[in-house]
Structure formats: C-alpha cells, structure tokens
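Peer 1: Mind looking over this structure? Questions follow.
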Amino acid sequence: MISRRKFLAATSLTGASIVTGNKSFSNFVEQSTILNSPIVISTWNFGIAANAAAWEILKNKGRALDAVEKGVHVPEADPTNSSVGYGGLPDRDGRVTLDACIMDDLGNCGSVAALEHIIHPISVARLVMEKTPHVMLVGSGALQFALEQGFKKENLLTPSSEKAWKQWLKNAKYQPEINVENRLFSPTKLPGNQYNHDTIGMLAMDAAGNLSGACTTSGMAYKMHGRVGDSPIIGAGLYVENEVGGATSTGVGEEVIRNVGSFLVVELMRQGYPPEEACKEAVMRIIRKKPNTAKEIQVGFLALNKKGQYGAYAIQRGFSYAVCDGNNQKLMVKAKSYS
Ligand code: GLY
C-alpha cells in the first residue's frame, strides 16, 4: 500500500525541484555504458521469451525494427498469455480487440487500435507505417487493411479466455473494470484461473546503434467495446527518438495517455535524466496529478537510452522487465516502485 504521507510528499513537489543535466544524478549507477552494443529490453517476465526471439536478429547484426517486431510476435501468438494477442481477454461484449504500435530509428511510426481477428497486430502496425501515408488505423478499417495485406482472419478468443469472460459476466457491472490490472501486484487470480499480465513493450538497439520499439496488448480486460488504451498511441505507450532513447509503458493506459508518458520519459532523457530517473519522474507526474487514483492502479515505464543504459519505475511493486544483451540472455529485473 502507498502511505498517505508518501502521497502528500509527492503532491507537494514542484517543478522547481526538478534539476536537469547529468550532474543531478551523480549517484546513479549505470548498468551499461557500451555504445553500439546490441540490447533488447521488454516488460514483464514474458519479455524473456520475446527478447530471445529479438536477440536472434540483433546478434546477427539485424535491424532493431525487425528485432522488436519478431520479439513481440512471441507473446502475441501465445494462447496462455491473456493480455496480448491470441488468448487475450476480451472486452465486456466478448470481443478480443488488439492495440499495437511500432516506431523506428527514423521517426517513422505505425499503429492499429481496436483491431479484431488478426493474431499479429504489430505487423499490421508496421505495414501501416511502411505502406500507407497514415500513422494509425482503427477497428474495421484496420481489419480491412490487414486482410488486403494478406493477413488471415482468425478467432482470437481461446476457450479459457471465453470461460473467464463468461465467469466475469455473472457479476459484471456494465462498465470497465479499471482495477483489473491492479491484480498484477497483489496477484489475485482472474476468473478462469488466469492472470492479467498486461502489455508487452519492447525497446531495442542494434549493432549500428539504432533504436526501435514495439508495444502490443489486448488492453484492459472486459473494457468497454471501442476503448483504446495507451499502447497504440505514439508518445503514450511508446516513443523512440534515435538520438536520445526510447520508452514504453504498461498498466492503466488512461493515466499514461493523460500524461503522454513515453514521450515525457524520452524528453527527460534528452534533458539528461538517466532512464530510471526519467521513468520515475513520469510516474510521479501521474501520482501528483491524481494521488487517489494512483493508489489504486499500476503504471510502469521502461526506458533505454542511446548509450545502452536502461531503467524502469512503477507506481506499485511487482513490475518486472527482461533484459537481453551480450552479457545477459535472460535477466529479469524487478523495477523500483513508489509503493
Ligand atoms: N496499457 C494497456 C492498456 O491500458 O490498454
């Protein structure tokens, strides 16, 4: 639990307390200072398997953009993962609707939101980026585009997700269950013996020193049909600035959108904040603006800078992330948290 005293302290901070420039963070311990050494990081424990797929590309001097796309394919295709892609928990109407976005080292980006029936929304997002003059396609328009591009229409509602949804319906109020992601840090089993793991956000730097990122999710379980979270919104769920670094987020997307969270993290890194400190400041903005809401929700940020330094910070305990580089192939790290 977050103490009232800590929240009051947080809300009393002012902008003047934020000092920019590397000197302000002299106590910060750098995880890595190797320039142009490939690295991939991603949210939650399931990031380990996703990173392994991305590493296959990075270790062969492949492009970070290809690595993040292939990396997040792993949880997207995993039927046991109830918060990403196939097997994702549906909205309150029983429909699995997926959000995803991708961003490359040149500032190009693509996104899909509320996409149904396509197992790899991240690849549709990439084609939005590469084959259309647009950044974002939603709903039936995104599906139409995906089918035109040769993607196969599939049923993404697995029997166990359907069972969980039917169980939820028994007591459901006709409103989104906003705290369902809160169960991540005090894990209560969701109906149907599932946990809601939340979004995968992945950031990679390749051997050429270029950065890319991807973010993909089925969103908040049992959300209102049409609800879109932070994950497909450039600047909220993901942002990459090749000269500076990248950031991605997980948790209750509404609060991330309100604070344009990932863009904020990158801009703070541009000002000299190390990744963890930048993530922490983005978390603190959420807490300061809505201290009562923040007590009840989880939001976490993960960041990677151009030097290959990484860091994360979350409101609540329990947010983990996975790191894969030349030294560590599987490392899973618990992010520091406010609670
Ligand atoms: N962060 C995922 C969502 O809110 O949809």
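Bear in mind these aren't lab numbers, they're just calculated from the coordinates by the rules spelled out. Since this is a predicted model, take the numbers as computed values, not measurements. Reconstructed Cβ throughout: ideal geometry from the backbone, glycine too, with neighbour counts over all protein chains shown.
Peer 1: Suppose the chain between Glu148 and Glu130 were pulled fully straight at 0.36 nm per residue; how much longer would it get relative to their current alpha carbon spacing? Present the calculation step by step, with values, prior to reporting the outcome.
Peer 2: Working: separation 18, 0.36 × 18 = 6.48 nm, distance 1.43 nm.
Residue separation times 0.36 nm, minus the Cα-Cα distance, leaves 5.0 nm.
Peer 1: Just to be sure I understand the model, the point goes 7 Å from the Cα along the line to the Cβ. What's the resulting Asn60 to Ser140 distance in nm?
Peer 2: It is 4.1 nm.
Peer 1: Could you give me the ³J(HN,Hα) list for the range 133-143, computed from phi with Karplus coefficients 6.51, -1.76, 1.60 and θ = phi - 60°, whole Hz, x at Gly and Pro?
Peer 2: x, 10, 9, 9, 10, 10, x, 5, x, 5, 5
Peer 1: Right, here's the next one. Quick one: which residues, 5 or more positions from Leu98 or on another chain, have an amide H under 5 Å from its amide H? H modelled 1.01 Å from N in the peptide plane, none for Pro or chain starts.
Peer 2: Placed amide hydrogens put Ala114, Leu115, Glu116 under 5 Å from Leu98.
Peer 1: I need the phi-derived Karplus couplings for the range 203-218: 6.51 cos²θ - 1.76 cosθ + 1.60, θ = phi - 60°, integer Hz, Gly and Pro marked x.
Peer 2: 10, 9, 10, 9, 5, 7, x, 8, 10, 8, x, 9, 8, 8, 6, 8
Peer 1: Hey, another quick one. Stretched out fully, how many nm does the piece from Asn45 to Lys170 gain, at 0.36 nm a residue minus the Cα gap? Display every interim value, and only then the final one.
Peer 2: Details: separation 125, 0.36 × 125 = 45.00 nm, distance 3.07 nm.
Extra length from Asn45 to Lys170 when fully extended: 41.9 nm.
Peer 1: I would also like to ask the following. Near the amide H of Ser212, under 5 Å away, which other amide H atoms are found, from residues 5 or more places off or on another chain, if H is placed in the peptide plane?
Peer 2: The answer is Ala204.
Peer 1: Here is a further query. Structure shown: which of Lys70/Lys163; Lys170/Lys290; Lys170/Lys289; Lys131/Lys152; Lys70/Lys330; Lys223/Lys336 lie over 26 Å apart, alpha-carbon to alpha-carbon?
Peer 2: Beyond 26 Å: Lys70/Lys163; Lys170/Lys290; Lys170/Lys289; Lys223/Lys336.
Peer 1: Sorted by average packing, counted as other Cβ atoms within 10 angstrom per residue and highest first, what order do 282-291, 103-112 take?
Peer 2: Packing order, densest peptide first, comes out as 103-112, 282-291.
Peer 1: Then there is this: Go through 162-168, 224-230 and give me the packing order, highest mean Cβ count within 10 Å leading.
Peer 2: Top to bottom by mean Cβ count within 10 Å: 224-230, 162-168.
Peer 1: Okay, next question. For the pairs Lys307/Lys334; Lys61/Lys306; Lys166/Lys334, note any where the Cα-Cα span goes beyond 23 Å.
Peer 2: Listed pairs above 23 Å: Lys166/Lys334.
Peer 1: Follow-up. Got a sec to turn the phi values of the range 112-121 into Karplus ³J(HN,Hα) couplings, 6.51 cos²θ - 1.76 cosθ + 1.60 with θ = phi - 60°, whole Hz, x for Gly and Pro?
Peer 2: 10, 9, 6, 8, 10, 6, 10, 6, 10, x
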